[in-house]
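Here's the structure, in structure tokens; my notes come after.
No lab work stands behind these numbers, since they all come straight from the coordinates. A quick note: this is a predicted structure, and the numbers were derived from the prediction, not measured. Cβ placement follows ideal geometry from the backbone for every residue including glycine, while neighbour counts extend to all protein chains displayed.
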Amino acid sequence: MSIIEVRNLYKVFGKHPQKALEMLQKGHSKTEIMAETGQTVGICNVSFAVEKGESFVVMGLSGSGKSTLIRCLNRLIKPTAGSVFIDGDDITRLDHKELQNLRRRKLSMVFQSFAVFPHKTVLDNAAFGLKMRGVPAAERERKALEALELVGLNGWERVRPPELSGGMQQRVGLARALATDPEILLMDEAFSALDPLIRKEMQNELLALQGRMRKTIVFITHDLDEALRIGDRIALMKDGAVVQIGTPEEILTSPATHYVEKFVEDVDRSRIFTAEMIMRKPSVVVVCPKDGPRVALHRMEEYGISSVFAVDRNQRLEGLVMAEDALKAVEQNQKDLGQILVRDVPTVLPPTPLREFFALLTGKSMPLAVVDGQKKLLGIIVRGSVMAKLAGGYTDD
């Protein structure tokens, strides 16, 4: 279910936007419109929807319109034409009081420049949105403390932001946004002012928070690696227009235009592709203790494979059965599958980047098992599928 829906959105900066809109309808470019009318096209006919609980990243180079777009989502910038629906309400039609209520109860925003109050304590900063909402002091302090703990700032409540590092100040801004428990979190280049190591830390923090809280996030960035890491889906912008929307894998493997192709050509895919993206469902497994060596060997012969994973009745991984071991067991009339299991099977969690588990496949014929936190078998990875993923070049339009 879509919590945000943008339909045919335009934003033109200048005193005579209608003239620019007319030229856009006739196919004139942003540059031509600027030269003839002096109007600047910020957003050009953008449409998309964001699902509840999704991390939706909008990325592009400087001047592509991404920051203008996110400010249209909470109407810090008023669109020239088109609609923005939040939970079914078109915010372009709300009056001032209705818009203020929407911002206080459903939306929070984290800015690039931290935007924290230097004269207020960390706790007061975190509680600011709640204070504006009229929440009683005791309750807003409790909620602010909970938010600070979420972002790892417990113990820093009485400190003022100038005494903190940039990364910690950004955590204050994130805590302030989370304290109001918004349905939607808007993040405009939230980590781009940070040093690379701190930026990576904040990305990890956001991913961990999202894993627990499942907020709807719209995240603006100019950094492709960041977009690929954070986004469930990515919208790539150029000259105010969205040129492609897709999952990180779709953006990398199926660029819609030459511009997108050039944008992603230098990406280190081993950093982006995860075990979940590469794995395939196991075509066959055997179940311990129900099945024996004969069943295992029969299934390997049936599917033309030389090994098969063994799981228990709850699909938790028990080990791997190799064809030669199963054959010997059959010849020796063994019936217990457990006696021939290879239990030291390499495993990996679904979000693990390829570069972190590639060595586990090097020089080994044994497939890699993808499991969850309870060791439930989710999929398998073989060297061939990894090589195909890394080599999968782009096709020309």
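Three principal axis extents of segment 45-118 based on alpha-carbon atoms, in descending order, are 37, 31, 27 Å.
The Met387 and Arg316 beta-carbon pair, evaluated with R₀ = 30 Å, returns a calculated FRET efficiency of approximately 0.55.
For the chain, state the semi-axes of the equivalent ellipsoid (square roots of 5 times the eigenvalues of the alpha-carbon gyration tensor), sorted largest first and rounded to whole angstrom. Display every interim value, and only then the final one.
Numbers: eigenvalues 461, 162, 63 Å².
Semi-axes (√(5λ), whole Å): 48, 28, 18.
For the chain, the residue among Ile198, Ile305, Val116 whose Cα projects farthest onto the positive side of the dipole built from Cβ charges is Val116. The angle between the Cα long axis of helix 293-303 and the longest principal axis of the Cα atoms of the chain comes to about 60 degrees, rounded to the nearest 10.
Could you calculate the contour length gain from Ser47 to Ser62, that is, 0.36 nm times the residue separation minus the distance between their Cα atoms, to one decimal place in nm?
Answer, rounded to one decimal: 3.4 nm.
Diffusion coefficient (Stokes-Einstein, Kirkwood radius over C-alpha pairs, 37 °C, 0.692 mPa s) for segment 3-48: 305 µm²/s, rounded to a whole number. In terms of Cα to Cα distance under 29 Å, which lysines are near enough to Lys389, apart from those fewer than 8 places away along the same chain? Once the sequence-local lysines are set aside, what remains near Lys389 is Lys200, Lys238, Lys262, Lys281, Lys364, Lys375, Lys376. Scanning residues 5 or more positions from Glu318 or on other chains, those with amide H under 5 Å from its amide H are Ala310, Val311, Asp312, with H placed 1.01 Å from N in the peptide plane. Note on the chain: helix-only mean residue ellipticity at 222 nm, from DSSP H runs of 4+ residues weighted -39500 (n - 2.57) and normalised by residue number, equals -11500 deg cm²/dmol.
Measuring spread by the Cα atoms of segment 53-201 yields a radius of gyration and Dmax of 15.9, 47 Å. Quick one: of the DSSP bridges fully inside the chain, what percent are antiparallel, nearest 5? So the antiparallel bridges amount to about 60 percent of the total. Here's the list of lysines a cross-link from Lys335 could span, going by alpha-carbon distance under 21 Å and ignoring same-chain residues fewer than 8 apart: Lys290.
About the centre of its Cα atoms, segment 277-389 shows a dipole size close to 340 debye [charges on the beta carbon of Lys, Arg (+1) and Asp, Glu (-1) only; nearest 20 debye]. Straight Cα distances below 19 angstrom link Lys26 to the aspartates and glutamates Glu36, Asp239, with same-chain residues fewer than 8 positions distant left out. Between amide H atoms placed 1.01 Å from N, distances below 5 Å from Ala190 occur with Ile220, all of them 5 or more places distant or on a separate chain. Taking 16 Å as the cut-off, the amide N atoms of segment 20-60 that come nearer than this to a point 7 Å along the Cα-to-beta-carbon line of Ser192 belong to 42-43, 57-60. Using a Gaussian network model of the chain whose springs link C-alpha atoms within less than 10 Å, name the residue from Ser62, Ser192, Ser283 with the highest mean-square fluctuation. Among Ser62, Ser192, Ser283, the largest GNM mean-square fluctuation belongs to Ser283.
Rounded to the nearest 0.05, what FRET efficiency is calculated for Met132 and Ser283 with R0 set to 56 Å and r the Cβ-Cβ distance? With R0 = 56 Å, the Cβ-Cβ based efficiency is 0.50. Inter-label distance, Asp90 to Ala115: 2.6 nm, where each label sits 7 Å from its Cα along the C-beta direction. Could you give the size of the charge dipole of the chain about its Cα centre, using +1 on the Cβ of each K and R and -1 on the Cβ of each D and E, expressed in debye and rounded to the nearest 20? Result for the chain is approximately 1060 debye, rounded to the nearest 20.
Pairwise over distinct Cα atoms, reciprocal of the mean inverse distance: report the Kirkwood radius of segment 252-397 in Å, one decimal place.
Values: mean 1/r = 0.0598 Å⁻¹.
After inverting the mean inverse Cα-Cα distance, the result is 16.7 Å.
For the listed peptides 324-332, 95-103, a ranking on the average number of other beta carbons within 10 Å per residue, highest first, reads 324-332, 95-103.
Helix 122-133 against the longest principal axis of the chain: what's the angle in degrees, Cα atoms only, rounded to the nearest 10? Around 70 degrees separate the two axes. Extension gain for Leu207 to Leu327 (0.36 nm times residue separation, less C-alpha to C-alpha distance): 38.6 nm.
Of all DSSP bridge pairs formed entirely within segment 265-397, close to 70 percent run antiparallel.
Since only Gly384, Leu361, Val41 are under comparison, the one whose Cα sits farthest along the positive direction of the charge dipole of the chain, derived from C-beta charges on Lys, Arg, Asp and Glu, is Val41.
The separation of segment 40-113 from segment 225-298, counted between C-alpha centres, amounts to 28 Å.
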